[in-house]
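Following: one structure in C-alpha cells, then a few remarks.
The values are calculated or read from the model by the stated rules, or taken from the named source; none is laboratory data. Remember, it's a predicted structure, so these values are computed and weren't measured experimentally. Positions of Cβ are generated from backbone atoms using ideal geometry, with glycine treated the same way; all protein chains shown enter the neighbour counts. Just the protein is used for accessible areas: all its heavy atoms, side chains included, with ligands, DNA and RNA removed. Shrake-Rupley method; radii C 1.70, N 1.55, O 1.52, S 1.80 Å.
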Amino acid sequence: MSTVDAVQPETEADVLTTDDGVVIAKGVIIFRRFLRNKTAVAGLILFLALTVFSLVGQFLTPWTKNDIDPAFIGEGPSADHFFGTTQAGVDLYVLMVEGVRTSILIGLIVGVGSMLVAAVYGCVMAFYGGKVDKVMLFILEALIMMPSLLVVAVVTSGNGGDLKDALPSWFLLTVVLLVFGWMGAARLIRSISMSLIERDYVKAARYMGVSTWRIVWKHLIPNIGSLLVLEITRGVTLAILSEVAYSFIGIGIKPPDMSLGILIGQASQQVSSFPWMFWFPLLAMFALTGSMAMMNDGLRDAFDPSSSSVGKAKKSRKARKNTVEAAA
Amino acid sequence: MIKYLLKRMATYVVMIFLTTSAGYFLAVSTMKPALIEQERIPRPTPEQVAHSLALKGLDPAMSPWDRYVQWLTGIVTRWDWGMSPAGGSVNAAFGDRVWVSTRLFIAAIFLTLVIGVALGVFTAARQYKASDRVITSYSYLTYIVPAPIAYFLVQLAAIWINDATGQQIFFVTGISTPGVEPGWPAFVDLVAHYVVPTFAITLVGWGGYQIAQRQYLLDNVNADFVRTARAKGLTRNQAIRRHALRVSFIPVAQTIAFTVPAIFAGGFFAEAIFAWPGVGFWSIDAIGKQDVNAATATLAYGSVIFAVGAILADLATTLVDPRVRVS
C-alpha cells in the first residue's frame, strides 16, 4: 500500500512538462510506465488472450457441450478433442471455453462492482465522520463477521426456493460475492480518505463553499484513483478464486452452469485416471489469476509517483548537458 | 485496558446477535426441509412430513418471524439451538464436532502467525537478496491459489509419497484409525492424521503475514527513531530488534482479526477435503440437508470465531503498543 501523495487537484496538475517543453498527459505517463513493465504487459496479453479464447473458442471446434462422442469416452487430448473428453464423452475444450467465460464474467462484475460500493461507502464514512461513521463501521464489521462461505452455501444450496429456480446459480454466487466482497477495500478507502480530508486544500475548499460532491469528485477520487484501480484487479482475482474454491467443494455454481471451479472439482475425484480433466482447467485458472497478479504489480508501479523499480526514463545526453548548463 | 476490552466484547456480542439473526432469517426463508423428507422411502404424505417437522420445532407452516421467536426463546431460556429435520439435537451434534475443528485451527493459526512473522522479519533484514526474493515470491504465489486446491495438491503429494515408499506414512483422510490401542500408539496415530491438514493450512496461510510484516518492518527500518538508536551506538540488528520490530508488529497484530476468519474458512475447506468430521464438514452437509438450525448454529460459531480473533488482535495491540494503555 503506497502512501497517497497529495495530487494537486486542478487540471494543470494532470499534465507534466518535460525539459523540452513538451506536455505529456498524466494518463499517457501511466500508460507508458505500464508498458515499460514487461511482466505487466505479459499479464495483460495473457488476460486478453483468455478473454478472446472464452468468446470465440466455441467456433474453433465442431463440438458443443451437449454433444456426446461415443468414439472418445474419457480419452486424452487428440486432434479431434484438443483437451480430451470427459468420462461421459463430452469435449473438454468446449466446457473450458464456457468455464473460462463464466470465471472472467464473475471476476469482472464482482471486481468492479465491489470496488464501486467500497469507494462510495468508504468516502461517505470518511467525509461525514462522527455518528454516521460509527454506524456504518458497525454495519461493515458485522458483514465481515458473517462467514460468507456459509451464506454462499445457504443461498445456492440444494433444491427448493423460488429464488433459486428463477435465477442461474452463477448469478446468485455473483450477488453473494458482491455483498461480501467490498468491506476490506472500504476500510482502506475510509482511512486514506480521512487523512486526505484533513489536508489543507480540502479544508480550504470547504470554507470556500465548494459542494460536497465536487470535493469528493475533484479532490478525493483523483487521489485514491490508483488505489481503486488496484482494488479492481485484486477484487477480480479474489472473485475468481472464491468461485473456484466454493465450486470445488460443491457449493457455489451448480451444473448445468459451467465454470472452472466445477470442472476442477469434478475432475478431482478421478485425478489419477483422467489427469487431463484436472490439469487443463487448473492451468487455465492459474493463467487467469496469474495474469491479474502480474498486471497488479505493473499498475502499482505505474501509479506510484515515487516508483523507481522500473527505471526512470533516460534523458538523452544532450538534454542532460542542457540541464547542467542551465544550472551553471 | 480491561475496561476497553470489555467494551469491545459488548459490541461484538451485539454484532454476533445481529449476524446470527440475519443468518436465521436467510436460512429459514430459503431452506425447505420438507422437500428432502419427501424423498424418503416409503414416501410420506405431506401431512406426515408437516407433522414430523412441527414436532421438531421446524413447522413449515409458521411464519419466519414466529419461528425466529420460538428458536430464540429456546436459546435464551434453555441454550437449546433446536433440532435437525432428521431428528437429533443441534447442541449435541455441535458439541461433538467443535473440538475436532478447534484442534485443527489452533495449531494452524499459531504456526501460520509465528512462521509468517518470523519469515517477514527474516526477509526484511535481507531485502532483495536471493532468500528474500524466493520467500516473498512464494508468498505472492499463495495469493493466486484457491485454498481447497492447494490442500488437494498437498493431499495428492502425500498420497504420492505413500505410494512411492510403499508405506502408510501420512493419513490423508479422517482423524483416527479405528481400533488403535490407547496410549502411545493412539498418540502416534493422532499425529499422523494431524500432520497433513495442519501442514496444508499453514503452507498457504503464512504468505499474507510474511508480506505484511516485511512491508511494515521495511517502512520502519529507516525511520528517525531507529536512526537515533543507531547513533547511540546500537548495531543495525540491535536497533531493528529493539525499536523497529515492536512498532512494525502493531499493524500486523491488527490484521489477526481478519486472518482468523480466513483460516476458519480455510479450515472448512480442509475439513471438506481431508474428511475431518469438524464443524465445517458438518455445516456444509447440514446445508445440503436443508437443516435451518444447524446452519444458523455454524453461522453463529463463525461469528464468534471472528470476535475471538478481533479481541485477540486488540489484546495483542494493547500489549505491544504503549499508546493504547491509557484507554
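Specify the residue that is least open to solvent (accessible area, probe 1.4 Å); the eligible residues are those in the range B:14-24 that are in contact with a helix residue (DSSP H, G or I) (Cβ under 6 Å, 6 or more places away or on another chain) and of a type in the set (A, V, I, L, M, F, W, C). Please lay out each step first, then the result.
Just the residues of the range B:14-24 that are in contact with a helix residue (DSSP H, G or I) (Cβ under 6 Å, 6 or more places away or on another chain), to begin with: B:15-16, B:18-20, B:23-24.
Going one step further and asking which of them are of a type in the set (A, V, I, L, M, F, W, C), we end up with B:15-16, B:18.
Numbers: B:M15: 2, B:I16: 34, B:L18: 80 Å².
Only one residue tops the list, namely B:M15.
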Where A:D67 falls short, out of the listed (1) surrounded by fewer than 16 Cβ atoms within 10 Å (Cβ to Cβ); (2) of a type in the set (D, E, K, R); (3) closer than 30 Å to A:L220 by Cβ: (3)
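Does A:A267 qualify as being at pLDDT 80 or above, in contact with a Phe, Trp or Tyr (Cβ under 6 Å, 6 or more places away or on another chain), over 20 Å from A:T51 (Cβ atoms) and among the aliphatic types (A, V, I, L, M)?
So A:A267 passes the test.
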Among (1) farther than 25 Å from B:V304 by Cβ; (2) among the hydrophobic types (A, V, I, L, M, F, W, C); (3) within 18 Å of the chain's Cα centre (by Cα) - the single one B:I256 does not satisfy: (1)
Filter pass, B:A192 being modelled with pLDDT under 85 and of a type in the set (A, V, I, L, M): yes
Count - residues of the range B:179-222 that are open to solvent by less than 30 Å² (accessible area, probe 1.4 Å) and closer than 20 Å to B:G280 by Cα: 8
Answer residue from the range B:173-197, given it is in contact with a Phe, Trp or Tyr (Cβ under 7 Å, 6 or more places away or on another chain) and not in a helix (DSSP H, G or I) and is farthest from B:Q155 (Cα to Cα) among those: B:I175
Subset of the range A:194-241 that is of a type in the set (S, T, Y) and touching a helix residue (DSSP H, G or I) at 6+ places or on another chain (Cβ under 6 Å) - its residue that is nearest to the other protein chains (Cβ to nearest Cβ): A:T237
Selected residue (only one of A:S148, A:S103 is over 18 Å from the mean Cα position of the chain (by Cα), polar (S, T, N, Q) and within 14 Å of another protein chain (Cβ to nearest Cβ)): A:S148
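Do the conditions hold for B:T255, that is, is it at pLDDT 85 or above, of a type in the set (S, T, Y) and part of a helix (DSSP H, G or I)? Step through it out loud before you land on a result.
Details: at pLDDT 85 or above: no; of a type in the set (S, T, Y): yes; part of a helix (DSSP H, G or I): yes.
Against the criterion (at pLDDT 85 or above, of a type in the set (S, T, Y) and part of a helix (DSSP H, G or I)), B:T255 does not qualify.
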Pairs where the first residue, in the range B:42-55, is farther than 14 Å from B:S84 by Cβ and at pLDDT below 70 and the second is surrounded by 10 or more Cβ atoms within 10 Å (Cβ to Cβ) and of a type in the set (F, W, Y), C-beta under 6 Å, 6+ apart: none
Matching residues, the range B:155-178, being out of contact with any helix residue (DSSP H, G or I) (no Cβ under 8 Å at 6 or more places or on another chain) and open to solvent by 60 Å² or more (accessible area, probe 1.4 Å): B:I159, B:W160, B:I161, B:D163, B:A164, B:T165, B:G166, B:Q167, B:P178
Single match in B:S283, B:S303 (criterion: closer than 25 Å to B:Y151 by Cβ, among the hydroxyl-bearing types (S, T, Y), free of Cβ contacts under 8 Å to residues at least 40 places away in the same chain and within 9 Å of chain A (Cβ to nearest Cβ)): B:S283
Residue list for the range B:102-154, restricted to those being among the polar types (S, T, N, Q), away from chain A (no Cβ under 14 Å) and either open to solvent by 70 Å² or more (accessible area, probe 1.4 Å) or under 24 Å from the mean Cα position of the chain (by Cα) (or both): B:T102, B:T112
Checklist (1) open to solvent by less than 60 Å² (accessible area, probe 1.4 Å); (2) over 24 Å from A:T233 (Cβ atoms) applied to A:I73, failing item: (1)
Total residues in the range A:103-118, condition surrounded by fewer than 24 Cβ atoms within 10 Å (Cβ to Cβ) and β-branched (V, I, T): 4
Restricting the range A:161-192 to residues that are hydroxyl-bearing (S, T, Y) and modelled with pLDDT under 85, the residue that is farthest from A:V124 (Cα to Cα): A:S169
